[in-house]
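Let me begin by presenting the structure, written as structure tokens, before commenting on it.
The values are calculated or read from the model by the stated rules, or taken from the named source; none is laboratory data. Fair warning: this is a prediction, and the values are worked out from it, not measured in the lab. All Cβ positions, glycine included, derive from the backbone under ideal geometry; neighbour counts span all protein chains shown. Ligands, DNA and RNA are stripped out before the accessible areas are found, and what is left, the full protein with its side chains, is counted by its heavy atoms. Shrake-Rupley method; radii C 1.70, N 1.55, O 1.52, S 1.80 Å.
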Amino acid sequence: MNQHRILVVDDEPQIQRFLNPALTASGYEVILASTGAEAERLAATSAPDLIILDLGLPDKDGKEVIETVRAFSEVPIIVLSARDREAEKIASLDLGANDYVEKPFGIGELLARIRTALRQQAAGTSVPSRFEANGLVVDMVKRIVSRNGEEVHLTRKEYQLLVHLVLHAGMVVTHRQLLASVWGAAHVHDLQYLRVFVGQLRAKIEDDANNPQFIRTEAGVGYRFIAE
Amino acid sequence: MADQGQKNRPDPDKLLQLAARETRGKLTVFLGAAPGVGKTYAMLLRARRLKEDGADIVIGLAETHGRVETAELLDGLEGIPRKQVNYRGKVLEEFDIDAAIARKPKIIIVDELPHTNVPGSRHPKRYQDIEELLWQGIDVWTAMNVQHLESLSDVVTSITGVTVREIVPDIVLKRADDVLLVDLPPAELIARLKEGKVYLPGNAERAAVGFFKPANLTALRELALRRTADRVDDQMIDLLRQNAIEGPWATGERLLVCVGPDSLSEKVVRTASRLASGLNARWLVVSLTQTNDAGGETSKRLDKLLDLAERLGAETRRVIAQDFVEEIFRIARRENVTQIVVGRPKSARFANPFRRSLPDEIIKRFTDIGVHIVTGEEQGTPYVPPSMRKRTRLELAKAIALPVAATGVTTLLGLAASDIVHAQNLSMLFLVAVILSAMICGRLSAVIAAGLAFVFYNFFFLEPLHDLSIAKPHQLFSLIIFLGVALMIGDLAGRLRDQVARSRNQAKNTQALYEFSRKLSGTARLDDVLISTATHLHSTFGTGIVILMPYDGELSLQTAWPPDLTLDGTDMTAVRWAYEKNERAGSDTATLPQIGWQFLPILTSNGVAGVLGLSTQNRAALGENDDRMLTAILDQTAIAIDRAQLVRENAKTAALQESDKLHTALFSSLSHDLKTPLASITGAVTTLRQLGSRIKADTRDDLLLSIEEEAGRLNRFVANLFDMTRIEAGTLKANNLPVDAAEIILSSIERTKKLKPGIAIDTSIAPDLPMVNGDASLLGQTLFNLLDNATKYAGDGPIAVYAKQDGPEVAISITDQGRGIPPKDLDKIFDKFYRRVKGDGRAPGTGLGLSISRGFIESMGGTIKAESPAIRKRGTRFIIRLPVANSDDEAMP
């Protein structure tokens, strides 16, 4: 098995104390860093396949680390953050972090996020021509969407929205990222558009729009497309 | 066409008036021609009807004059008790305005509009009381007879021969929302009088016989009817304007009324007022003076006159001009005046025989404008022009002595030099004397000097000598020219001198104001601004100054100069009036004029910021010049207050933001401290559950241990929070008993060692350590907190714990050898949530330990303090002192 190397950046020894054995037991190679500077150095020199980053570091803000790392690497970054620091989460995602996990978290959740991120990374930039999950089919060549065999008619924006979410399946996409990709950079603050279009999209592809299976809301942050 | 559209739009001014009226109470005036026509009766009858319909109507004051029918009407109507007022030993009953405002009915009846209040009341006049009620949004019904109207008072006097003392300004009636005429034909009124149904106050009874003549009553009735009809007209016009209906209202007439300081002008104003009201025309009253005699007699007279004009509903304007006719012409053209009203005093013809009177000149100048000339004898105090005003004796002596001396000396010089200087050239020397007199003592001296020079020159230097006769005709000619030149030069020099004096005075004022504003601009604190203002005003006007500003919703004295000034209750009423109404109050005003203060609102861009009080006890009223100075200073003060308040607001905002930031930091720190152990526990548990089989046994053990440790940490944190809450809520009760401190110290050390194995703690406890008064568990927790704290910051050195008796106390010290605490932070370390190292990357802890420790120790009656550095520039020492338990305490339960 081709072993992935994960860089864990956290200054709390208690967190490292369980992350290290858990990740090792799951088949990953773990390297540890407890400061921002150390993290940046290790990210550059030891070529990790994924970084788990706590935002509260003793020497610098975790967001700075994301910026520095993104300057030279597209390595997936999963941010560990507390629920009440919403702005920080969004800022991290907009800076290039791939996903986040709220503290306290179960190890299963983290492992799932790690797998998704690694899979996305492996898929690289090649856009799949077809996506299929739980009866939902998105044919990106013919631009046809069907649900349980029946074609679903989407408007252009709805389709673009769905494709963007599907391409990031399993990962959180911030409001800002969605707005910028579907409506353009000028509309990154027009949250209202997004709410309306996501609502319409859910009505068309979900069994129960009030209890969505595909498009989950990440409160205050964005949306996550669930493919499993 | 566009013009047409413009015209048909509702007049915005009219709509604004309407809007103002809607928040104001409505004034209804029951107008009668004479006493006894039944105004009060009519008013009460109407009130009863409204009351029966459920209206909230109360009687503020109704004069029944002992008439049974009227008194019966009062039955069942709510009344406000009258106020008893002591005045010169007599107890008088007055309308209680405060009670009325407190009751705040929808409608209140306050009879006798022209009534003059007892001195010492809030307002001198009842119509001012009513104005305040209206302002409070209460509808008022009141009653008056037409003879009390200001513009009619002289007419009434001329008709009836009775002088009307209690006067109501026309503007009151004009502003009334409704005027109801209570009419009774004269014959019926006289009949009622004969039946004794008309009440007349004691001293009026004598006049009554003359007053209640059919002719008088008919004339008064006509006045009342006409007034009411005028109002109906006005209302009609208002209605048309509000609804933008084209109508024939615009008479287009505009009156210009020219007045001066002479006593006839008052009559001119009254006449013009009637004329304007008859023509339904707007009228402008212009006062004309040649100089700006600020603060002088002229100015005061004009003030009074323009005040009267304003009360009668005129616009007023003050004009200083040299050429009256030209100025009047200019104003008339600009204001589209159609008629001019001007007075010609009968005595004027003699006053200035060389000049044509003003009316004549106006008539000559205007060809297309009607000119009304009001003639009459000067009434009241005749006007004395300022130049003729009495000078002080010294001034007068100087004004005469100087020209006598100057011309005398010139004569002597001339005599001495007559051999070398030709007599004709000596006239120049006399001119010098005239100019000198004019420059030093003004125009009067110049005229005297010119006269004397004329006589002396003639007497001593012109042939025949020592004789006032003149020999040669050409000498007569030159002598007359000399006199003319002397008079002219003297006059000019005198004027120049006056102007110089005025400019100097103005420059002084400007300089003072400039100094003041410079002083103010250097102060940013409100207190300094107020003190600067008070001291400056005190030195400018030489009188006591107070400044009041709202504080906690109450106006309170902020600054006084001299500092021992105080205000009494009546003064405060005036202060509040000035503050709330943005109007002057106190002496020289219509509100509480009897008090020894004048209060002026300080108006800033944010409204009235406060009130400035000027003591008028030892000082005459403010002159116009003083007034202007005061206004300028107040403006400066207002700006400075604005600025000071802005500075203060800024500081407050900054402090608020700082505290906001602190709160945010606190919450994030709390959340971090709670979540980190939770995250560790959750992470470890889920790892064990999901991956347990794949993990080595010793790692599993470590994970389990970490769960135990983190749970313990969480527990301590929560316990700390609870303790803090108990201390803050004041529910912490130490169970203080004699306890063995040594035992508690040892057990705390043991507990610490269990948590942090391998920590070095040096312990030294005095063998004879007495029992202390305290709570064993609280003391134990405190010591544990301090030890825990020490282990976190100790560095590598050992922790030292000492305990010994120190007088009536036991001192326990815990010393670490860490980095220590900078002196500036020593005070803060006992504050709640205070942690010296900020951010995530610090030693774990709640920031509560020390704060809780202090709470505990204080509840045991002890003290706790920190010292740093403790040893060799390093470390921190905490010292706890607890009272030694004595036998008395031991006996206590």
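Which angle from 0 to 90°, rounded to the nearest 10, does the C-alpha axis of helix A:191-205 make with the longest principal axis of chain A?
The two axes meet at around 70 degrees.
Which sequence of B:GLU52, A:GLU40, B:GLU361, B:GLU728 reflects their accessible areas, 1.4 Å probe, from the largest down?
In descending accessible area the options line up as B:GLU52, B:GLU728, B:GLU361, A:GLU40.
Take every Cα-Cα distance within segment A:96-196, group them into 5 Å bins from 0 onward, and report for each bin the whole-number percent of pairs it holds.
Spelled out bin by bin, segment A:96-196 gives 2, 11, 18, 19, 19, 17, 10, 3, 0 percent.
Starting from 0 in steps of 10 Å, tell me what percent of the Cα-Cα pairs of chain A lands in each bin.
7, 32, 33, 20, 7, 0
If the limit is 23 Å between Cα atoms, which of B:LYS733/B:LYS865; B:LYS174/B:LYS194; B:LYS754/B:LYS824 go over it?
B:LYS174/B:LYS194; B:LYS754/B:LYS824
Which helices, counted as full DSSP H runs in chain B, have an axial Cα extent of no less than 27 Å and a Kyte-Doolittle average of 1.0 or above?
Taking the DSSP H segments of chain B (at least 27 Å long, mean hydropathy at least 1.0), we get B:393-416.
Given the protein chains as shown and a 1.4 Å probe, how many square angstrom of B:LYS197 are accessible, to the nearest 10?
Only protein atoms counted, so the area is about 70 Å².
Pulled fully out, how much extra length does the chain show between B:ASP303 and B:ASP323, if you take 0.36 nm times their separation in residues and subtract their Cα-Cα distance?
5.1 nm
Please give the direction-averaged projected area of the C-alpha convex hull for chain B, in square nanometres with one decimal.
Average projection, Cα convex hull of chain B: 73.9 nm².
Using Cα-Cα distances under 8 Å and only pairs 6 or more residues apart, what relative contact order does segment B:685-819 have, in percent?
21 percent
Using a simple spin-label model with points 7 Å from Cα along the Cα→Cβ vector, what separation in nm is obtained for B:ARG576 and B:HIS474?
8.7 nm
Simple spin-label model, 7 Å along Cα-to-Cβ: B:MET488 to A:GLN3 in nm?
Roughly 12.3 nm, to one decimal.
Go ahead and run the numbers for FRET between B:ASP825 and B:ASP660, Cβ-Cβ distance against an R0 of 30 Å, rounding to 0.05.
My answer for the efficiency is 0.85.
Out of residues 5 or more away from B:LEU149 or on other chains, whose amide H comes under 5 Å of its own, with H placed 1.01 Å from N in the peptide plane?
B:VAL168
Roughly how many Å is it from the Cα centre of segment A:31-93 to that of segment B:441-464, as a whole number?
108 Å
Determine Rg/Rh for segment B:410-558; Rg is computed over alpha-carbon atoms and Rh is the Kirkwood hydrodynamic estimate from the same atoms.
In segment B:410-558, Rg relative to Rh is 1.42.
What residues qualify as long-range amide H neighbours of B:VAL257, i.e. H under 5 Å apart, gap of 5 or more or another chain, H built at 1.01 Å from N?
B:LEU284, B:VAL285, B:VAL286, B:VAL341
If you find the alpha carbon centre of segment A:129-151 and of segment B:647-714, how far apart are they in angstrom?
44 Å
Which FRET efficiency, nearest 0.05, do A:MET140 and B:ASP698 yield, Cβ-Cβ r, R0 45 Å?
About 0.35, to the nearest 0.05.
Give me the one-decimal nm value for the distance between modelled label points at B:ILE373 and A:ARG70, 7 Å along each residue's Cα-to-Cβ direction.
Label-label distance for B:ILE373 and A:ARG70, simple model: 9.5 nm.
Say the dipole of segment A:130-225 comes from +1 at the beta carbon of Lys and Arg and -1 at that of Asp and Glu; which of A:GLY199, A:HIS164, A:HIS153 then lies farthest toward its positive end?
Toward the positive end, the furthest listed residue is A:HIS164.
Would you mind working out the accessible area per residue for segment A:2-60, using a 1.4 Å probe, and quoting it in Å²?
Per-residue accessible area for segment A:2-60 comes out at 34 Å².
Within the accessible area of chain B, what % is carbon and sulfur when the probe is 1.4 Å and the other protein chains stay in place?
55 percent
Mean residue ellipticity at 222 nm from the helices of chain B, using -39,500 (n - 2.57) per DSSP H segment of n ≥ 4 over the full residue count, to the nearest 500 deg cm²/dmol?
It lands at -17000 deg cm²/dmol.
Using θ = phi - 60° and the Karplus relation 6.51 cos²θ - 1.76 cosθ + 1.60, list the HN-Hα couplings for segment A:90-103 in order, rounded to whole Hz, with x at every Gly or Pro.
4, 4, 4, 5, 5, 6, x, 5, 8, 7, 9, 10, 7, 7
Give the shape of segment B:522-653 as rounded, prolate or oblate, defined through the alpha-carbon gyration tensor: a ≥ b ≥ c are the square roots of its eigenvalues, a/c under 1.5 means rounded, and otherwise the shape is prolate if a/b is larger than b/c and oblate if not.
Prolate is the answer for segment B:522-653, as a/c is 1.5 or above and a/b outweighs b/c.
Using the Cα centre of the protein assembly as shown as origin and beta-carbon charges of +1 (Lys, Arg) and -1 (Asp, Glu), tell me which of B:LEU223, B:VAL37, B:ILE80 is placed farthest towards the positive end of the dipole.
Toward the positive end, the furthest listed residue is B:LEU223.
Run through all the Cα pairs of the protein assembly as shown and give the fraction in each 20 Å bin from 0, expressed as whole percent.
P(r) over the protein assembly as shown, rounded to whole percents: 8, 21, 20, 19, 20, 10, 2, 0.
Please report, in whole Å³, the volume per residue of the convex hull around the C-alpha atoms of segment A:5-123.
92 Å³
Provide the solvent-accessible area of B:SER859, counting protein heavy atoms only and rolling a 1.4 Å probe, rounded to the nearest 10 Å².
Only protein atoms counted, so the area is about 40 Å².
Taking R0 as 45 Å, what's the FRET efficiency between B:ARG226 and B:VAL68 from their Cβ-Cβ distance, rounded to 0.05?
0.85
Taking amide H positions as placed 1.01 Å from N in the peptide plane, with prolines and chain starts having none, which residues 5 or more places from A:PHE214, or on another chain, fall under 5 Å of its amide H?
Counting only residues 5 or more places away or on other chains, the set is empty.
Could you state how much accessible area is buried at the A-B interface, both sides summed, with a 1.4 Å probe, in Å² to the nearest 100?
What A and B bury together is about 2000 Å².
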